[in-house]
Amino acid sequence: MLRKRWFRWLSPGLNIKRWLALFSVGVGLLIIGISLMFNYQWLAVLEDIVLAFSYDLTGFYNYNVLIAVGFVLLSIGAILMLIGTSKVIKTIIRAVLPNPDSKVSDIIFQNIRLDKGPKIVVIGGGTGGLSNLLRGLKSHTSNLSAIVTVADDGGSSGRLRQDFKMIAPGDLRNCLIALAEQEGGVMENLFRYRFEGGENELSGHSFGNLFITALAQVYDGDVEEALEAASKLLRVRGRVIPSSTEFIKLVAEMTDGTIVEGESNIPNSGKRIQRIYSDPAQPKPEGAALRAIDEADVIIFGPGSLYTSIIPNLLTDKIASHVRASKANKIYIANVMTQPGETTGYTLNDHVEALIAHGGGEGIVDTVLANDGPLPIQMVEQYSAVGSEPVALDTKKLQAKGIRTIRATLISSKKPAVHDPERLGKVIMDIVRAMQSNTEPHILEYYLQRDDH
């Protein structure tokens, strides 16, 4: 069996045999060159020929000619070996590259650089800001773990969750797409596709949600195996991990004492949220999520819906305690605008207080990253009409809690209400480098100088 596998490499059409032959010639010349240089006796015939040639030219036997000829043969052999090796490696790599036109050297060096990146864990949901964060970070490190809430009960995810008694796949799908190695590919477009057609059973369903659901059934309900298979198809950089695989219902207690059940109903209640809890209480966490937190260099919350995307992860048993116990830098990325029905009227400090209250107290976050880029008046007015406003940066209250605030321009001119992936990724990596090393403290100082406390 082993011999058959070896001879596969000699099959016609692989464009490998010629380079293996060139490598073999190089090895032969290298051996002959070394033998001539060190006067090994087993090449006596060849030595006699070289010395005879030297005698015909100079009139005496010149042993330095042996060394010179040996050096030339050694050099040619080494060059042929390098060419043969390079061509074989390139042929093999090109056979597995996602883009045949990519430069092999660029792919190799990029992967090496990404593999050396910091271990970053992001915690939240899959829509909006978190997807932008993942898109921005995947060009800096492949050591990414997205821990995602699974309590979504609306739309396609809600229907599949109810029909198959499984965790909601929607946020997981969005994170997979955001971490795809090459965005805009066929598989990514398929995962984004949503069926239309009125009242038929597929109407409103996302293909990606259906695909993850099907994979989960194939793997006997093992969502982790299903996500791993989907990650391979999309060539995902990093991992997407559900905070729990239990069937969770999100419940909100309002300031007036009323109870609202269901993630999709909470923002529509029209009342101010007092606290969020889950049914069942403290659902069992995924072991992979806890391991990722324990190994992380940086833990990031958000951006995203505070009560229905970020905090639900902290309701899972042990996740909040593992975050608090971690020695990693813990960063909360604040939303640009308040969210109607969830954080109406909230300042930056109000967001952080809710995070601390649901995360078990101090130690859940030590740094807050907020946008201070200018917002177009027209955009602010449009959002104001639906009850949303820019998040007020009351950083002095955070300072009193011992929490550092870092301010930077995190938005783009095209979509000023959401975070720009490239800018957000760059700022995060600047902060991470500054926190982890004393070699670039000026980077952190630059951002801190923009703070008003």
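The values are calculated or read from the model by the stated rules, or taken from the named source; none is laboratory data. Bear in mind that the values here come from a model prediction, so they are computed numbers and not experimental data. No Cβ is skipped: glycine too gets one built from the backbone with ideal geometry, and neighbour counts run over all protein chains shown. Each accessible area value is taken on the protein alone, full model and side chains, heavy atoms only, with ligands, DNA and RNA left out. Shrake-Rupley method; radii C 1.70, N 1.55, O 1.52, S 1.80 Å.
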Practice task
On the full set of protein chains, 1.4 Å probe, figure out the accessible area of Lys119 and give it in Å² to the nearest 10.
Solution key: 90
Fill in the blank from the handout: Honestly region 188-324 on the Cα gyration tensor test (a ≥ b ≥ c root eigenvalues; a/c under 1.5 rounded, otherwise a/b vs b/c for prolate or oblate) is just oblate
Exercise for the section: Divide, for region 184-255, the radius of gyration over alpha carbons by 2.2 N^0.38 Å, where N is the residue count. Expected result: 1.35
Fill in the blank from the handout: Listed by chain and number, the residues whose amide H is under 5 Å from that of Val236, excluding neighbours fewer than 5 places away on the same chain and using placed H, are Glu181
Handout entry: Sequence of Glu188, Glu181 when ordered by accessible area, the most exposed leading, probe 1.4 angstrom
Key = Glu181, Glu188
Completion exercise
The lysines whose Cα lies under 22 Å from the Cα of Lys330, excluding any fewer than 8 residues away in the same chain, are Lys116, Lys119, Lys138, Lys318, Lys396, Lys397, Lys401, Lys426
Exercise for the section: Starting from the alpha-carbon convex hull of region 244-329, give the projected area averaged over all orientations, in nm². Expected result: 5.9
Exercise for the section: Please give the peptides 421-431, 131-141 ranked by average Cβ packing (other Cβ atoms within 10 Å per residue), highest first, as a rough proxy for protection. Expected result: 131-141, 421-431
Exercise for the section: Classify region 140-206 as rounded, prolate or oblate, taking a ≥ b ≥ c as the square roots of the eigenvalues of its Cα gyration tensor: rounded when a/c is under 1.5, otherwise prolate if a/b is larger than b/c and oblate if not. Expected result: oblate
Practice task
Set the Förster radius R0 to 41 Å, insert the Cβ-Cβ distance between Ser269 and Asn189 as r into 1/(1 + (r/R0)^6), and round the FRET efficiency to 0.05.
Solution key: 0.70
Fill in the blank from the handout: Amide H contacts under 5 Å for Phe301, restricted to residues at least 5 apart in sequence or on another chain and with H modeled in the peptide plane, are Ile123, Ile331, Tyr332, Ile333
Fill in the blank from the handout: Stokes-Einstein, Kirkwood over Cα pairs, region 315-397, 20 °C, 1.002 mPa s; D in µm²/s equals 152
Handout entry: Size of electric dipole in region 163-286: Cβ of Lys, Arg +1 and of Asp, Glu -1, about Cα centre, debye, nearest 20
Key = 380
Problem - Ile89-Ala281 FRET efficiency (beta carbon distance; Förster radius 51 Å; 0.05 resolution) - result: 0.40
Fill in the blank from the handout: Non-local residues with an amide H under 5 Å from the amide H of Lys119, with H modelled 1.01 Å from N and Pro and chain starts lacking one, are Asp297, Val298
Fill in the blank from the handout: Bounding extents of region 227-286 in its principal axis frame from Cα atoms, largest first in Å, are 48, 23, 15
Practice task
Round to the nearest 10 and report in Å² the accessible area of Arg235, as given by a 1.4 Å probe over the protein chains' heavy atoms.
Solution key: 110
Practice task
Quick one: dipole size for region 241-285, taken about the Cα centre, charges +1 on Lys/Arg Cβ and -1 on Asp/Glu Cβ, in debye to the nearest 20.
Solution key: 100
